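A quick write-up on the structure given underneath.
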Amino acid sequence: LPGIFGNSELPGNGIDDDGDGDVDEAALSRDSVWVTFDGGMNWDEKVIPLPTGGAGGHGDPTIMFSRDGSQVVYVHMVDKTGPHGDHVMASAVSFDGGATWLQSDTGVIGSLAADEDGDGNNDANDKEFLAIVGPDVNDPAQDRYAVTWQRGHVIYASTSLDGLSWST
C-alpha cells in the first residue's frame with residue numbers, strides 16, 4: 001500500500017495491488033497519513049500529494065495543526081530525481097483537518113534543482129522539523145510556520161504564513 005515505505009504496485013499484472021485505484025502504475029514512493037474523525041473507531045489512509053516536479057516522497061515527515069485545528073501542514077523530503085535521489089523539503093496542506101490533500105496545495109521549500117545553492121555540488125536536504133512559531137505580528141489571527149533542516153551540516157530555516165509559500 002502507499003505509505004511511508006513506498007508503493008507496493010506490481011506493474012504488468014493487471015491488478016490494483018496497492019489499492020489506490022490505479023492499475024499497474026509505475027512504482028512511486030508516496031507518503032501518507034491515517035486520519036480519523038470519529039474518535040479512532042475508523043481510520044482512512046490519505047496519500048500526501050507531491051509538488052509538481054517531485055520524483056517521489058521520501059518520508060521523514062513532520063506535521064503540525066494550525067491553532068484552530070482546521071489546517072494541517074505536512075513537511076517531508078521529496079526526491080528531486082529518481083528514487084532515492086537528492087532531496088528537497090516540500091509541504092502539503094489540508095484545509096479540512098486532514099480529510100483532503102490536493103496536489104494544488106503543495107509547495108517546495110527551496111528548489112527542485114539538483115544544485116540549489118549554485119556551488120557546483122548536488123544538494124541533499126535532510127532532517128526537517130516544523131513548528132508554529134506564533135501568530136503573525138501583523139495579524140494575530142494568522143499562524144506563522146517555521147521549518148528547519150540541514151544540508152551539509154548547515155542548518156537552514158524558512159517561514160510561511162500558509163504552509164505553501166516559504167521564505168528562503
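Couple of notes before you dig in:
- Trypsin sites (Lys or Arg not before Pro) restricted to region 32-114 and DSSP loop, no more than 14 other C-beta within 10 Å: Arg67
- Environment charge at Trp34 (Cβ cut-off 11 Å; Lys +1, Arg +1, Asp -1, Glu -1): -1
- The chymotrypsin sites (Phe, Trp or Tyr not before Pro) found in region 32-137 that occupy coil by DSSP, while having at most 14 further C-beta atoms within 10 Å, are Phe37, Trp43.
- Along its principal axes, region 48-132 has C-alpha extents of 43, 22, 18 angstrom, given from the largest down.
- The 3J(HN,Hα) values that the Karplus relation (6.51, -1.76, 1.60; θ = phi - 60°) gives for region 72-79 are, in residue order, 10, 10, 10, 10, 8, 7, 10, 5 Hz. Gly and Pro appear as x.
- Amide H partners (placed H, <5 Å) of Gly56, local residues excluded: Asp79
- Mean projected area (nm²) of the alpha-carbon convex hull when region 24-78 is viewed from all directions: 5.2
- Shown in residue order for region 141-151 are the 3J(HN,Hα) couplings computed by the Karplus curve 6.51 cos²θ - 1.76 cosθ + 1.60 at θ = phi - 60°: 7, 9, 6, 10, 9, 9, 10, 10, 7, 10, 9 Hz (x for Gly and Pro).
Laboratory data are not the source of any read-out in this text; all were calculated from the coordinates shown. For clarity, every value in this text was computed on a predicted model and none was experimentally measured. A quick note on method: Cβ atoms are made from the backbone with ideal geometry, for glycine too, and the neighbour counts reach across all protein chains shown.
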